[in-house]
Amino acid sequence: MKLCDVGSVEIEPGELTRWQLCATAPAVAVPTPPSENEQFHLDAMRRNGSAGWLALTVELPGSVGIERLTASLRSLLNRHEVLRCHFVSDGDGYRRWRLDADSVGVEPIPGTARDGEAVSAHTLTATCLTQIATACTPFAPLGHYLAAVRRPTSTTVVLAFDHCFVDAYSLAVIASDLVDDLDGASVDRPGSFLDIRACEEAAPDVPADDPRLRKWGDFLATNGWTVPEFPLDLGLGTGETAEVHTEIRTLLDADDAARFDERVRTAGARTYPALLTAVADAVHRSGGPTELPTILPVHTRHTAADRRVVGWLVGNAPIRLSTNVDHDTAVRTNTARLGESLPLAHMGLTPVYSAFADLLRAARQDVFMMSYVDYRRLGLPSTVPVRQISSTRRTDAAQFWFWRDADGIHLRARYPHTVRARHTMTDVLGLVADGLHAGACAPSQLDCG
């Protein structure tokens, strides 16, 4: 899996076919209300008219037949119930509706756009991105974008969904399901997203003396009762936003990543917190604090069946990252802090808002956050290139998305497109890369400084 954005993705020319989706039976109302993530997203969608989509491209060998693709796409929609759901605004809230399996018509529209030698990759990519932005919505049945670009020797499948229905983990599941199904391999039956939501709704309220709530309170109090902000100058005043700039880097190739893992283990730590420590150290060296507060998006799939579920299943874990002078000590400290932080993601933010709403204040629209996904663990076929594409929008924060695959450790950084932010982030990302490379190449100790 490779992460990219609308500015860096390119789809090679070919014959573009898009699938038209339609309901063949009435949808039924589902009593399970939106999750926190869904609620926030739907509110943003209603305010702004757009709240973001996620897409993937899957590169297949050969010119795959339309009938095979149609059958696999129909199976995908039947398999994952959340892709057959949509929301209807109900006063101040939202009601979820669902189509039953086998109640979805999937019809190819051939010749949606043809290239031959005429349409460039740039034009074809722009066509797909425009269609994605128009198609993806949580407020209509089957508001997805399913397409394929076929050539004599290859096929690119392009699938996009409103963020309300998928997270990054979901895209890996969808890609794996599609490839396995096209190969004729058995595809594991996933658990039920709606069952997971029902369990969340049935969970008892978080009591005021819950230790997790106390830890959230301690984190916020230490941070002046504000949500984490990137502490360096990004060239924006309070209330200002700018278009997103996305930078993608390979930090360590496969060999260096393996050596880095070994150094981290030798230090008695783990790779994820070592990456977080590298950012904290780089920010500190650029004039930031010695303790860096941030939020970690964490997937909340618990069981093996849950790990095949498509849906937005992400919680938020707060953490303060140490930048101790002795780097080994800092990495071990942050490994321990990560272990303490992760359980907080499974509580949800509603109890946090309920307990501390009168104290909380936010000077920025977005939250400074960092994430890590090891796609080697998610069953993606190693011989089939897959890309994740994120929609763009305005922002006032920096966000870091680390990922690991067979080619090494990579980073997608998103931050405001300002001159100051470019200068600041060039320095920070350079220090992150230098620190990780030093850690991978150090002959006798972990040394990311």
Keeping all protein chains in the complex and leaving out DNA, RNA and ligands, what accessible area do you get for His163 with a 1.4 Å probe, in Å² to the nearest 10? 50
Give me the 1.4 Å probe accessible area per residue for the chain, excluding ligands and nucleic acids, in Å². 42
Tell me the accessible surface of Thr123 in square angstrom (1.4 angstrom probe, heavy atoms of protein chains only), to the nearest ten. 70
About its Cα centre, how strong a charge dipole does the chain have in debye, to the nearest 20, once Lys and Arg get +1 and Asp and Glu get -1 at the Cβ? 160
So which residue, out of Gly91, Gly235, Gly52, gets the largest mean-square fluctuation from a GNM of the chain using Cα contacts under 10 Å as springs? Gly91
How high is the relative contact order of the chain? Use alpha-carbon pairs under 8 Å, at least six apart in sequence, and give a whole percent. 24
Quick check: convex hull of the Cα atoms in the range 289-420, volume per residue, rounded to a whole Å³? 179
Sorted by mean Cβ packing within 10 Å, highest first, what order do the peptides 336-342, 167-173 take? 167-173, 336-342
I want to make sure I understand the PRE zone here: with the label point 7 angstrom from the Cα of Asp210 toward its beta carbon, which residues in the range 308-335 have backbone N atoms less than 19 Å away? 313-319
Would you please report the Å³ per residue occupied by the convex hull of the alpha carbon atoms in the range 74-202? 138
Post the alpha-carbon centroid distance, the range 28-68 to the range 304-325, in whole angstrom. 20
Calculate what fraction, in whole %, of the accessible area of the chain sits on carbon and sulfur atoms when a 1.4 Å probe is rolled over the protein chains. 50
Using the per-residue mean of other Cβ atoms lying within 10 Å as a proxy for protection, in what order, highest first, do the peptides 15-23, 154-162, 279-287 fall? 154-162, 279-287, 15-23
Kirkwood hydrodynamic radius for the range 1-91: how many Å is it when counted over pairs of different Cα atoms? 16.9
Structure-derived mean projected area of the Cα convex hull in nm²: which label, when the choices are [x] 28.9; [y] 23.3; [z] 21.9: [z]
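What's the local net charge at Leu194, with K and R +1, D and E -1, over the other residues with C-beta under 9 Å away? Mind dumping the intermediate values first?
Numbers: positive: Arg96, Arg98, Arg197; negative: Glu81, Asp195.
Summing Lys/Arg as +1 and Asp/Glu as -1 gives +1.
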Whole-angstrom gap from the range 281-303 to the range 150-209, using each part's C-alpha centre: 26
Specify which residue in the list Thr32, Pro207, His346 is farthest towards the positive end of the charge dipole of the chain, using unit charges on the beta carbon of Lys, Arg (+1) and Asp, Glu (-1), about the Cα centre. Thr32
Among His86, Ser170, Ala140, which residue has its Cα positioned farthest towards the positive end of the charge dipole of the range 82-192, with +1 placed on the Cβ of Lys and Arg, -1 on the Cβ of Asp and Glu, and the dipole taken about the Cα centre? Ala140
At what distance in angstrom do the alpha carbon centres of the range 406-428 and the range 330-375 lie from each other? 22
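The values are calculated or read from the model by the stated rules, or taken from the named source; none is laboratory data. Here the structure is a predicted model, which is why all the values come from computation and not from measurement. As a convention, Cβ positions derive from the backbone with ideal geometry for all residues, glycine included, and neighbour counts pool all protein chains shown. The protein model used for the area step is the full one, side chains on, heavy atoms only, and it has no ligands, DNA or RNA in it. Shrake-Rupley method; radii C 1.70, N 1.55, O 1.52, S 1.80 Å.
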